[in-house]
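The values are calculated or read from the model by the stated rules, or taken from the named source; none is laboratory data. As the structure is a prediction and not an experimental result, all values here were calculated from the model. When we count neighbours, we look across all protein chains shown, and the Cβ atoms used for this are built from the backbone with ideal geometry, even at glycine. Side chains are part of the model used for accessible areas, which takes the heavy atoms of the whole protein and leaves out ligands, DNA and RNA. Shrake-Rupley method; radii C 1.70, N 1.55, O 1.52, S 1.80 Å.
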Amino acid sequence: MTKVIYPGQTIGIIGGGQLGRMMALAAKEAGFKIAVLDPTIDSPCGQVADIQIVAPYNDETALEELAEVSDVITYEFENIDYAGLKRLSEIAYVPQGAELVRITQNRILEKAEIRSAGVPVAKYVEATTYEELEQRIDEVGFPCVVKTSRGGYDGKGQQIIQTKDQITLAKSLFDHSACIAEAFVPFTKEISVIVQRNGDGQTYCLPIGENIHVNHILHETIVPARIEESLTAKAIEAAEKIANHLNLIGTLAVEMFVLENNELLINELAPRPHNSGHYSIETCSISQFHQHVRAICGWPLREPKLWTETVMVNILGQHVIPVTNSLSKHPNWSVHLYGKNEAKENRKMGHVTILSTDIEQTLNEIEESKIW
Ligand code: AMP
């Protein structure tokens, strides 16, 4: 029997960023209390939480304190200390477990799991050392992308290698961790499927998002993705296969490449709500954050329905002032700002969701605003 967590009880969140904040706001609607662990005071989630524990994520005493005040614990990012989370799961209720974090914080393990779920990834080789990379890189051919197995995000910890003589460009990546070299994928689109599952195995995917990246950072998500119906079905099937294989409880974002021949390759997984699912707050019958809370609290899930087409655009540090200055011109823009105190260049500060009746027209409106 799945344990049920009721309103009035406390959800503990490891990580105080925007994903934690939006999770907390969704949970508070239903009367849950929120405790958050983050190294900074008044983090985006801390600002809306009932209890703030300010300490490093792997601080033993802080984790014990979180366990003490929480009836259920979740996390908003995957680069938390696996051993700490595992210990926590022994003294507190962590329905998502620690295993998914162990897998998704290591590209090598993650790719192996995706393949054993029967879903394809781009051809790759593993290399523990730079010398091993030199020996093995020809097996994937050129161009290829060398990626650290740990800790990369938004294109950090990656290097494109066009020809063998450029291989030295990848040398410094090994200072960080073992690496993989992955064939460069000539994708026509990038899409993401956010799959959510509760302890009873009830599983739903959000409508598929089409993701446009600029400088490796997500810029826009267009929903529904402009792909053929048969591909939509294939993408959902792949995401559900992975979710079932991993015995998912909670949320898994599955990033995929679409190839010219309408085949799919999985790029990577994130075991949490995802930037490309923010649109669901306004545009779906259930948001990714509400569904996540339902899943970890042992509630039945709701089938997500898309009310209308939509475009989500990220607000990075350099976009905050132009967006706020143009609010009066765009009554149809839902502006979300995460309460971060410093608007650094390329830092994710917020997002805008635009409910659309014509995607092309909405994309034009975004372009004509000259903010991005
Ligand atoms: P990742 O951190 O692996 O999600 O990579 C960030 C972005 O780099 C992806 O969203 C793609 O746009 C691009 N990218 C990553 N891997 C590949 C690849 N094998 N081939 C082509 N582009 C890639």
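What does the convex hull of the Cα atoms come to per residue for the stretch 10-94, in Å³? Looking at the stretch 10-94, the number lands at 71 Å³ per residue.
Among the helices of the chain, those built from whole DSSP H runs whose Cα atoms reach 18 Å or more along their own axis and whose mean Kyte-Doolittle hydropathy is at least -1.0 are 229-245. Charge tally around residue 326: other residues with Cβ under 12 Å, Lys/Arg +1 each, Asp/Glu -1 each, net 0. In whole Å, what is the distance between the alpha-carbon centres of the stretch 298-372 and the stretch 242-291? Using only Cα atoms, the two centres lie 19 Å from each other. Along its three principal directions, the equivalent ellipsoid of the chain from the Cα gyration tensor extends over semi-axes of 30, 27, 21 Å, largest first. A helix-only calculation puts the chain at -7500 deg cm²/dmol for mean residue ellipticity at 222 nm, using -39500 (n - 2.57) for each DSSP H run of at least four residues, averaged over all residues.
Please list 265, 306 from largest to smallest accessible area, probe radius 1.4 Å, with all protein chains kept in place. All intermediate terms of the calculation are to be shown ahead of the outcome.
Numbers: 265 30, 306 55 Å².
The residues order as 306, 265, largest area first.
For the stretch 127-266, with all protein chains in place and a probe radius of 1.4 Å, 48% of the accessible heavy-atom surface sits on carbon or sulfur.
In the full protein assembly as shown, how much of residue 115 is accessible to a 1.4 Å probe, in Å² to the nearest 10? Solvent-accessible area, nearest 10 Å²: 140 Å². Positive end of the dipole of the chain (Cβ unit charges, origin at the Cα centre): among 326, 239, 265, the Cα lying farthest that way belongs to 326. Charging the Cβ of each Asp and Glu at -1 and of each Lys and Arg at +1, and nothing else, the dipole of the stretch 10-94 about its Cα centre rounds to 240 debye. Out of the stretch 3-76, which trypsin sites (Lys or Arg not before Pro) are coil in DSSP terms and have no more than 14 other C-beta atoms within 10 Å? Here the sparse-neighbourhood loop sites are 3. Rounded to the nearest 20, the size of the Cβ-charge dipole of the stretch 149-223 about its Cα centre is 180 debye, with Lys and Arg at +1 and Asp and Glu at -1.
Which listed residue (22, 66, 84) has the Cα farthest towards the positive end of the charge dipole for the stretch 10-94, taking +1 on Lys and Arg C-beta and -1 on Asp and Glu C-beta about the Cα centre? Looking along the dipole axis, the top candidate is 22. Placing unit charges on the Cβ atoms of the charged side chains and taking the dipole of the chain about its Cα centre, the candidate lying farthest along the positive direction among 196, 7, 221 is 7.
By the rule of a C-alpha distance below 21 Å, with chain neighbours fewer than 8 residues away ignored, the lysines paired with residue 348 are 156, 340, 370.
Residues considered: 182, 282, 29. Largest GNM mean-square fluctuation over the chain, using C-alpha springs under 10 Å, is found at 29. Under the rule a/c < 1.5 gives rounded, and otherwise a/b versus b/c splits prolate from oblate, where does the stretch 230-321 land using the Cα gyration tensor? Verdict is oblate for the stretch 230-321.
Simple point charges give the picture: +1 on the Cβ of Lys and Arg, -1 on the Cβ of Asp and Glu, and for the chain a dipole about the Cα centre of about 360 debye.
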